[in-house]
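Here's the structure we're looking at; comments come further down.
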Amino acid sequence: RCGDCTIGSQTIHRFKFGSGKYPVFCYVLGNPLYDFFMGRELNPRIGTFDLKYFCELRPGLIGWVVINMGMLMKEVELRGSPSLSMLLVNGFQLLYVTDALWNEEAVLTTMDIAHDGFGFMLAFGDLAWVPFTYSLQAHFLLLHPHSLSTLTAAAITALNALGYFIFRQSNSQKNRFRRDPTDPRVSGLETIATATGKRLLVSGWWGFVRHPNYLGDLLMALAWSLPCGLSHPLPYFYVVYFCTLLVHREARDERQCQGKYGLAWGTYCQRVPYRILPYLY
């Protein structure tokens, strides 16, 4: 799979490089390694088939679920029945993937789709890193089974439910406002006008912290790892990795919004001082 990603990235890179034509939005610095890694074109297509949009969700996320289910079935083969820990990990992550595919149109406004080129970074990430790294907890539980009490399982489930609620509600609120600011569900929210003609939300979820969807993501990431217990740090790699990714992404988003909205963004930051974690960061 990793080799397929490399070949795919090289094919896309060489196709655009050989054409001598560059799209409006692309990463072209004249450094072949950087251009290969970041991608030369925002949305490379074969006819009308958008390669990046397809790879962003479907192969990696579906592959992640298939690998998880394979681990669950192997546990049944080895031990006669799936453990509560394995069922929780599979259930939590299946919910996340189902939500992403059900709300697939929302990916159009993400940083990966809107700003990043489709190079090796996204090709490898979408097709190899996501399915084989995000299934780490299920793999760990297959090799290192961990028992959970009913109370502990209920607490972990509540944490995942809280994270999912914050993640889904904040994303839905943002998407509704972008599609139709007069929608009754968002029309009463307080906003700040910008020089671009757009308005920034300063109430609701987006008045709580600047990236409430990231907060929900992090709570879910922790809930996915806790069923593995605390005997080994490996299942928590995903939490550390995802925290690093989201902090870096938040910093990039801050720079882009500052350049795009100028003084209005500064006013928004004063109104909403916390970036991801309320009262901490």
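The values are calculated or read from the model by the stated rules, or taken from the named source; none is laboratory data. It should be emphasised that the depicted structure is a prediction, and the values quoted were computed from it without experimental measurement. Here the Cβ is made from the backbone with ideal geometry for all residues, glycine too, and neighbour counts use every protein chain on show. Accessible surface areas use protein heavy atoms only, side chains included; no ligands, DNA or RNA. Shrake-Rupley method; radii C 1.70, N 1.55, O 1.52, S 1.80 Å.
Results, tabulated for the structure shown:
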{"item": "Selection from region 79-94 of residues that are surrounded by 14 or more Cβ atoms within 10 Å (Cβ to Cβ), in a helix (DSSP H, G or I) and either touching a residue at least 40 places away in the same chain (Cβ under 8 Å) or aromatic (Phe, Trp, Tyr) (or both)", "result": "Leu84, Ser85, Met86, Leu88, Val89, Asn90, Phe92, Gln93"}
{"item": "Boolean, Lys260 is assigned to a helix (DSSP H, G or I) and surrounded by fewer than 18 Cβ atoms within 10 Å (Cβ to Cβ)", "result": "yes"}
{"item": "Where a residue in region 48-70 is in contact (Cβ under 8 Å) with a residue 40 or more places away in the chain and its partner, wherever it lies, is surrounded by 17 or more Cβ atoms within 10 Å (Cβ to Cβ) and not in a helix (DSSP H, G or I), with Cβ under 7 Å and at least six apart", "result": "Leu51/Pro44; Leu51/Phe118; Lys52/Pro44; Lys52/Phe118; Trp64/Ser135; Ile67/Ser135; Asn68/Ser135"}
{"item": "Of residues in region 221-235 being outside any loop (DSSP other than H, G, I, E, B) and out of contact with any Leu (no Cβ under 8 Å at 6 or more places or on another chain), the one nearest to Ile166 (Cα to Cα)", "result": "Ala221"}
{"item": "The listed residue being at pLDDT 85 or above, open to solvent by 40 Å² or more (accessible area, probe 1.4 Å) and touching an Asp or Glu at 6+ places or on another chain (Cβ under 6 Å), out of Arg271, Arg275, Arg255", "result": "Arg275"}
{"item": "Qualifying residue in region 122-143 (condition: at pLDDT below 95, surrounded by fewer than 19 Cβ atoms within 10 Å (Cβ to Cβ) and not in a helix (DSSP H, G or I))", "result": "no"}
{"item": "Residue that is nearest to Phe132 (Cα to Cα), among those in region 226-252 that are among the aromatic types (Phe, Trp, Tyr) and open to solvent by less than 20 Å² (accessible area, probe 1.4 Å)", "result": "Tyr238"}
{"item": "Residue count, region 178-225 (criterion: open to solvent by 20 Å² or more (accessible area, probe 1.4 Å) and of a type in the set (Gly, Ala, Ser))", "result": "8"}
{"item": "Residue in region 189-205 that is more than 24 Å from Arg255 (Cα to Cα), of a type outside the set (Lys, Arg) and assigned to a loop (DSSP other than H, G, I, E, B) present", "result": "yes"}
{"item": "Of the criteria (1) outside any helix (DSSP H, G or I); (2) surrounded by fewer than 15 Cβ atoms within 10 Å (Cβ to Cβ), which one Glu105 fails", "result": "(1)"}
{"item": "Filtered residue count, region 231-252, keeping only those that are touching a helix residue (DSSP H, G or I) at 6+ places or on another chain (Cβ under 9 Å) and farther than 14 Å from Asp217 by Cβ", "result": "7"}
